[in-house]
Amino acid sequence: MTTWDGFQAFATTPVAAPPPPGAPPRSLAERLAYHSRFVTVRTPAIDTLAKNVRALMILGRHQTVTARPSLIVTGPAGAGKTTALLQVGRACHLAHTRRHGPMATAGQVPVAYVLVPPAASAKTLATEFARYLGIPVAAGMSQAQITNAVCHTYTAAKVQLVMIDEIHRLNPRTTTGAQSADLIKDLTERIGATFVYAGIDVTATPLFTGVRGAQLAGRASLVDCAAFPARLGDSEPFRDLVKAMETALDLRHHRLGTLPKLAPYLHERTAGRIGSLARLIRQAAITALTDGTERITKTTLDAIRLDHLAEQHYQPRTRPRSRSTSTS
C-alpha cells in the first residue's frame, strides 16, 4: 500500500460485495475469502472526509503562492481513520482515471500514501516519500537531495492528493520531530497537491504545540473520526452500523435482525469502535462457516477474543447469585 504499485492495485481491485439476489451460491472457500476482506460500510466520517477533500482540492487547484489548506483526520485507535483515508484516496484515483481516461493518465500518479516511520527523522521521512514512487535513493544522498528528487518527481507525476498516515508519531518538541515537521511544511509548499493527515487523537499530542504546531493548526481543518455513539438524539448510529454489516453477511442460516438486537452488547464489546466491530463480525462469520452452523449468535460472539483495547473496555455483566435457603 505504501508504494504506487501497491496503492494502484488496492484502488483498482473491485471491492468486496455480498452476492446479488438470485446469484448462484458461492463456495465455502469463496465465502471465507469474502468475509476475510468484507465490505467497507460508508460511514459519516468517510462522507465528511470525501466532501472536504473534494472542496479543498478545488480550492487549492490554482493556489501557487502559499501551501494549500489541508485536513487532519483524528480520533481514537480503531475508529476507522485509515479506512476512511484509503477510501477517499481510492475514490480520488478512480475519479481521475474516469475523467481523463486510462491512456491520458498513463504515467500519472494522482494519489500518494505515506506512513510516518516510528521516531522519523526528516531524512527517513523523505526516503518514505521517495520509496512510494520508486525514486532511487543512494547511500550518500543528503536529505536536501532526496527532498529535491521527491518534489521534482511528484510534480512530474501530477500527484494531486498526498495522504500521510500515523502523523501522531511526529513530535515537534524533539530535534528530529521538528526537522520532520519542517520537511512536511516544505513539501506542502513545493508539491502542488492537497495534503491530508491521519493520526490518533492528534489534538492531545505535541503535534499542535510550539511555532511549528501553530503553523500546522493554522492551515489544517480537523475531521473527527470518533467512536460510534449508541444514541445521538433520536437516531442510533451504532445500531445502524451493525445492521449494515449484518446485511452484507453471506451465511446461509443467519437470521437478519439478530445482530441489531444485540447492538447494546456489541457496543459494550467494542466501545463503539468500527475497527473492533468489523473484526468481531468478520471473525464470527468465519467461525460460523468453519463450524458449519452458518449463523452468528451471542454464543459465537462471546467466544471471540478481540483486540486488547476492546477487551480492556468490556466488563461483562454477571447476574448476582440467588441465595439458596435450607429448611429443617
### Query
Where does helix 175-190 land angle-wise versus the long Cα axis of the chain, in degrees 0 to 90, nearest 10?
70
### Query
What shape does the stretch 67-129 have by the C-alpha gyration tensor, where a ≥ b ≥ c are the square roots of the eigenvalues, rounded means a/c under 1.5, and otherwise prolate means a/b greater than b/c and oblate the rest?
oblate
### Task
Tally the DSSP beta bridges in the chain and give the antiparallel ones as a percent, rounded to 5.
5
### Query
Could you give the nm distance between label points at Ala119 and His308, where each point is 7 Å from its Cα heading toward the beta carbon?
1.9
### Query
Any idea what angle helix 210-219 forms with the longest principal axis of the chain, computed on alpha-carbon atoms, 0 to 90 degrees, nearest 10?
80
### Message
Given axes a ≥ b ≥ c from the Cα gyration tensor, I'd like to know whether the stretch 140-206 is rounded (a/c under 1.5), prolate (a/b larger than b/c) or oblate.
### Response
oblate
### Task
Throw me the Rg/Rh for the chain, computed over C-alpha atoms with Kirkwood Rh, two decimals.
1.05
### Task
Hey, could you get me the Stokes-Einstein D for the stretch 1-116, Kirkwood radius over alpha-carbon pairs, 37 °C and 0.692 mPa s, rounded to whole µm² s⁻¹?
197
### Query
What's the lysine pair count for the chain at a Cα cut-off below 16 Å, pairs eight or more apart or interchain?
5
### Message
Could you order the peptides 137-149, 15-27 from most to least packed, using the average number of other C-beta atoms within 10 Å per residue?
### Response
137-149, 15-27
### Summary
Rounded to one decimal in nm, the spacing of the 7 Å Cα→Cβ label points at Ala230 and Ala156 is 5.8
### Task
Compute the label zone of Thr247 within the stretch 26-53: residues whose backbone N is under 15 Å from the point 7 Å along Cα-to-Cβ.
39-44
### Task
Compute the acute angle (0 to 90°) between the alpha-carbon long axis of helix 143-156 and the principal axis of greatest extent of the alpha-carbon atoms of the chain; round to the nearest 10°.
80
### Query
Given H placed 1.01 Å from N in the peptide plane, which residues other than close sequence neighbours of Tyr197 have an amide H under 5 Å from its amide H?
Leu71, Ile72, Val73, Ile164
### Query
What FRET efficiency would be calculated for the residue pair Ala95, Ser142, taking the C-beta separation as r and a Förster radius of 45 Å, to the nearest 0.05?
0.75
#### Entry: Translational D in µm²/s for the stretch 104-225 (Stokes-Einstein at 37 °C, 0.692 mPa s, Kirkwood Rh from C-alpha pairs)
223
#### Entry: Mean separation of Cα contacts under 8 Å, 6 or more apart, over the residue count of the chain: relative contact order %
21
### Message
At 1.4 Å probe size, what's the solvent-accessible area of Phe129? Round to the nearest 10 Å².
### Response
0
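The values are calculated or read from the model by the stated rules, or taken from the named source; none is laboratory data. All values derive from a computational prediction rather than experimental measurement. Cβ coordinates were reconstructed from backbone atoms using ideal geometry, including for glycine residues, and neighbour counts include every protein chain displayed. To get the accessible areas, we keep the full protein, side chains included, count just its heavy atoms, and leave off ligands, DNA and RNA. Shrake-Rupley method; radii C 1.70, N 1.55, O 1.52, S 1.80 Å.
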